[in-house]
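Below is one structure; the comments refer to it alone.
The values are calculated or read from the model by the stated rules, or taken from the named source; none is laboratory data. This one's a predicted model, so the numbers in the text were calculated from it and none came from an experiment. Cβ atoms come from the backbone with ideal geometry, glycine included; neighbour counts cover every protein chain shown.
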Amino acid sequence: MSTLKVEFEKDLPNATRTNLLAFGIALLFLYLRTFRVPIVPFAVNGDEILFFSRALRILHGQVIYRDFFELVTPGTELLYALGFRLFGVRGWVMEAWHIVLGTSLCLVITSIARRILRGAAVFLPMLLFLAFDLSSAMDVTHHWWGTLAALSAVAVLMPGQESWRIVVAGGLCGIATLFTQVQGALALLAFIAFLVFLRGNGTVRFWKQIGLLLLPFICLCTSVLGYYAYEAGTRRLVYDLLIFPLTGLSGTVNSPRTYLHQLPRLHGAGDLVRWIPFLVIYSLVPYVYFLSLRDLSKIKDGPTQDQRKQLVLLNLVGLDLCLAVSSGPTFFRLCTVAPPALLLCVVMIYQPGEVRKLARYTLWCVSVASMIWLPIHRQMQWHRPLLLPTGKITFTDKGQWQEMGWLLQRTSPGDIVFNQSAMTLYLGLENPTHAEFVNNDDFTSVQDVKLILDALQKHPAKYVVLGPDIPTTPHDHAGPFRDYIHAHYCLEQTFFLGPAQSPEGLWRLSKETPHIQGGNLY
């Protein structure tokens, strides 16, 4: 392969004009993906529901780790609790976070692209991100916020390595750690490795810059986590954040064996379209980093030295973000760390060569077509609205719409429902336990089951959600919980949710359980 030649303009594109255009495209696309025109939010789904539910607990005065369980650092819940505090517990607030996250990432991606690309190519990474990456993983969990903070640090450090830039980058690594402890720590290691790389070129005072990087990182992490160590106890904090992630995440989804397991099934030629995002993400992450570093090794010192540093930095951070999800590389998790790979992919396909020329034309056409089709499809798909305590919400899953409407008629805000966070969140219901749900693996321990049953005896739930015929696993500790539900509750209704029509049973309290005086929940 011929020596890689990276072309850069001396005068970068007008930053304000470029950012405004990127922001406008992202805002329009994301609004049409998250709100039913004109202003009705779609129902949120996925693990993000758990973070919104825990944010609501914080709003009610509970303390994370002390009063309820969480296995990652508290940044996501604190951010969402702030949103609820400012704007109220409304459905539109939850969907607005998708727009905040997406537009922020688009601006950061475009800012980085302006440094390593030229002309219209500056916008291609953002289009790939919106069309194939974020649209395939619209679940605003801690992973995304950690990636945003780490990429923001890259954008700050790319123009130069002045002291203030290193301090800000260290602070952003600290913020990333407060969203996801592994992601933030590995991002910090990537920046340390970058400073080591620069030291080899004799361009920086290494130890001073290491100190500038570490100081804000340590101050941020120790101040926030120190508060929770004081409130919940150091032992509890260490267990939740360090020990449990190593011992309590059993099952295929949390092991390297999950790689490639989320590929959609092919039932016909039309299903090939659904494969496009999977092909893009799986073909780039993490392989593009090795190809990019191989090409970078062929760049000679000279006029492109600064740009070489920028690409090395992007590669190092991208690789470490991939390493953060390597213990359970689901498609969703790979999507959350894919933005650096998309940037490097565009850099590579804009080098000379007929194959690369064909690749960039193909990506332009497919990404633009997807940017047009995805919002139209979202607005045209089956939907039904419900007026809930959190406002008017549009549902696109018939089973979920039926279930939520059924429960809306039979509960009032403040009633107790357990094992389904979406219900408690949208209907203003209460969860008396320290956990959001019960699993049939090591995620729910023997001690967890005991605490849950104690809480349900003190505050009996009006309804408990429990699926039929839950398979047992070698690490299943939830048998006593299921026995308790079968003994004191009766199955009142079953709903079938999602494309797979997964059954979900609603069990109503049928017998008086020994009620232990427990006071108010909050």
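The set of residues in the stretch 485-509 being part of a loop (DSSP other than H, G, I, E, B) and either assigned by TED's automatic domain parsing to the domain that holds Ser250 or of a type in the set (A, V, I, L, M, F, W, C) (or both) consists of Ala500 alone.
For every residue, the table says whether it meets (1) more than 17 Å from Leu323 (Cα to Cα); (2) aliphatic (A, V, I, L, M).
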{"position": "Trp144", "(1), (2)": "no, no"}
{"position": "Glu162", "(1), (2)": "yes, no"}
{"position": "Leu172", "(1), (2)": "yes, yes"}
{"position": "Gln183", "(1), (2)": "no, no"}
{"position": "Phe191", "(1), (2)": "no, no"}
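Residue-wise test of (1) touching a helix residue (DSSP H, G or I) at 6+ places or on another chain (Cβ under 6 Å); (2) over 20 Å from Gln183 (Cα atoms); (3) of a type outside the set (Phe, Trp, Tyr); (4) surrounded by fewer than 13 Cβ atoms within 10 Å (Cβ to Cβ).
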position	(1), (2), (3), (4)
Val253	no, no, yes, no
Ile281	yes, no, yes, no
Leu284	yes, no, yes, no
Ser297	no, yes, yes, yes
Leu334	yes, no, yes, no
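Residues in the stretch 16-46 that are surrounded by fewer than 16 Cβ atoms within 10 Å (Cβ to Cβ) and outside any helix (DSSP H, G or I): Val37, Pro38, Ile39, Gly46. Of the residues contained in the stretch 127-136, one or more are found to be acidic (Asp, Glu) and either closer than 24 Å to Val100 by Cβ or crowded, with 24+ Cβ neighbours inside 10 Å (or both).
Quick check, is Glu403 out of contact with any helix residue (DSSP H, G or I) (no Cβ under 7 Å at 6 or more places or on another chain) and modelled with pLDDT of 95 or more? Yes.
Just one residue in the set Phe197, Phe191 is in contact (Cβ under 8 Å) with a residue 24 or more places away in the chain, of a type outside the set (Ser, Thr, Tyr), buried (at least 24 other Cβ atoms within 10 Å of the Cβ) and closer than 18 Å to Asn315 by Cα; that residue is Phe191.
Screening Ser367 against (1) under 30 Å from Leu30 (Cβ atoms); (2) of a type in the set (Ser, Thr, Tyr); (3) assigned to a loop (DSSP other than H, G, I, E, B) leaves a single unmet condition, (3).
Within the stretch 221-241, can you find the residues that are without any contact (Cβ under 8 Å) to a residue 60 or more places away in the chain and either farther than 19 Å from Val63 by Cβ or of a type in the set (Ser, Thr, Tyr) (or both)?
Within the stretch 221-241, Thr222, Ser223, Tyr227, Tyr230, Thr234, Tyr239 qualify.
Among the residues of the stretch 212-251, the one identified as at positive phi and either crowded, with 17+ Cβ neighbours inside 10 Å or within 22 Å of the chain's Cα centre (by Cα) (or both) is Gly251.
Is the stretch 21-37 home to any residue that is under 30 Å from Ser445 (Cα atoms), touching a helix residue (DSSP H, G or I) at 6+ places or on another chain (Cβ under 7 Å), in contact (Cβ under 8 Å) with a residue 24 or more places away in the chain and assigned by TED's automatic domain parsing to the domain that holds Gly174?
no
Scanning the stretch 442-474 for residues that are under 17 Å from Ser250 (Cα atoms), out of contact with any Ser or Thr (no Cβ under 8 Å at 6 or more places or on another chain) and not β-branched (Val, Ile, Thr) gives Ser445, Gln447, Asp448, Pro471, Pro474.
For Val317, the test of being among the hydrophobic types (A, V, I, L, M, F, W, C), surrounded by 21 or more Cβ atoms within 10 Å (Cβ to Cβ) and touching a Cys at 6+ places or on another chain (Cβ under 6 Å) is failed. Among the conditions (1) in the same structural domain as Gly170 (by TED's automatic domain parsing); (2) surrounded by fewer than 18 Cβ atoms within 10 Å (Cβ to Cβ); (3) closer than 30 Å to Cys345 by Cα, the only one that His261 does not satisfy is (1).
Restricting Leu59, Leu86 to residues that are without any contact (Cβ under 8 Å) to a residue 24 or more places away in the chain, surrounded by fewer than 21 Cβ atoms within 10 Å (Cβ to Cβ) and either of a type outside the set (A, V, I, L, M) or under 18 Å from Gly428 (Cα atoms) (or both) narrows the list to Leu86. In the stretch 161-178, the residues that are under 19 Å from Trp144 (Cβ atoms) form Cβ pairs under 6 Å with partners that are of a type in the set (Ser, Thr, Tyr) and assigned to a helix (DSSP H, G or I), at six or more places apart or across chains, as follows: Leu172/Ser152. Entry remark, the stretch 396-451: residues being in contact with a Gly (Cβ under 9 Å, 6 or more places away or on another chain), of a type in the set (Gly, Ala, Ser) and surrounded by 20 or more Cβ atoms within 10 Å (Cβ to Cβ) number 0 in total.
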